[in-house]
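Okay, structure first, notes after.
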Amino acid sequence: MFIFSGTTYAQDWKYDFDEAKTLAREKDQNIVLLFTGSDWCPPCIKLERKIFSDPEFNKFANQNFVWVKADFPKRKKNRLSEIQQQKNIELAERYNKKMVFPVILVIDKEGKVLGATGYRKMSAKRYIELLTTFNSFGS
């Protein structure tokens, strides 16, 4: 008999912004909103692989934020439902009018942007420091 024990961390992504705001109020946390092109945007893919897959980053992320992903895939196999596409378009109209990818926004429980960044060539630890700085603006 084999027993595997370990902890795997990953962001607990939400895909409905209103649901995320409700959860953020309940947990007294801010929101991280990611605009990504998961299947066509090289910096978006790097962000997922190098930062969002880092165990230390994931632990920090889940303890401190409610995570929302607004994905804009282009490949047919990754196509989102019409409802999800519309939700993502509405979020972009409010928070990412220039349609820049990737964009990471820290937003308070009421929807006010506290800070923004994109993909940067830096470590997961530096991203933690950056998001912590943005998070403190809402305190």
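The values are calculated or read from the model by the stated rules, or taken from the named source; none is laboratory data. The model shown is predicted, which means the values in this text are computed figures rather than measured ones. With ideal geometry, Cβ positions are generated from the backbone for all residues, glycine too; neighbour counts draw on all protein chains shown.
Identify, please: which residue in the range 78-103 is among the polar types (S, T, N, Q) and surrounded by 17 or more Cβ atoms within 10 Å (Cβ to Cβ) and is, among those, nearest to Arg25 (Cα to Cα)? Lay out the reasoning, then the answer.
Within the range 78-103, the subset among the polar types (S, T, N, Q) is 78, 81, 84-86, 88, 96.
Going one step further and asking which of them are surrounded by 17 or more Cβ atoms within 10 Å (Cβ to Cβ), we end up with 88, 96.
Values: Asn88: 21, Asn96: 23 Å.
Ranking the candidates gives Asn88 first.
Entry remark, the range 54-85: residues being out of contact with any Asp or Glu (no Cβ under 8 Å at 6 or more places or on another chain) and either assigned to a helix (DSSP H, G or I) or at pLDDT below 95 (or both) number 15 in total.
Within the range 8-40, which residues are assigned to a loop (DSSP other than H, G, I, E, B) and out of contact with any Lys or Arg (no Cβ under 9 Å at 6 or more places or on another chain)? Can you show your working first?
First pass over the range 8-40, keeping only residues assigned to a loop (DSSP other than H, G, I, E, B): 8-12, 15-16, 28-29, 37-40.
Matches in the range 8-40: Thr8, Ala10, Asp12.
Of all the residues in the range 114-139, those that are exposed (fewer than 15 other Cβ atoms within 10 Å of the Cβ) and not in a loop (DSSP other than H, G, I, E, B) number 6.
Within the range 59-77, is even one residue in contact (Cβ under 8 Å) with a residue 60 or more places away in the chain, in contact with a helix residue (DSSP H, G or I) (Cβ under 9 Å, 6 or more places away or on another chain) and surrounded by fewer than 18 Cβ atoms within 10 Å (Cβ to Cβ)? Scanning the range 59-77 turns up at least one residue that is in contact (Cβ under 8 Å) with a residue 60 or more places away in the chain, in contact with a helix residue (DSSP H, G or I) (Cβ under 9 Å, 6 or more places away or on another chain) and surrounded by fewer than 18 Cβ atoms within 10 Å (Cβ to Cβ).
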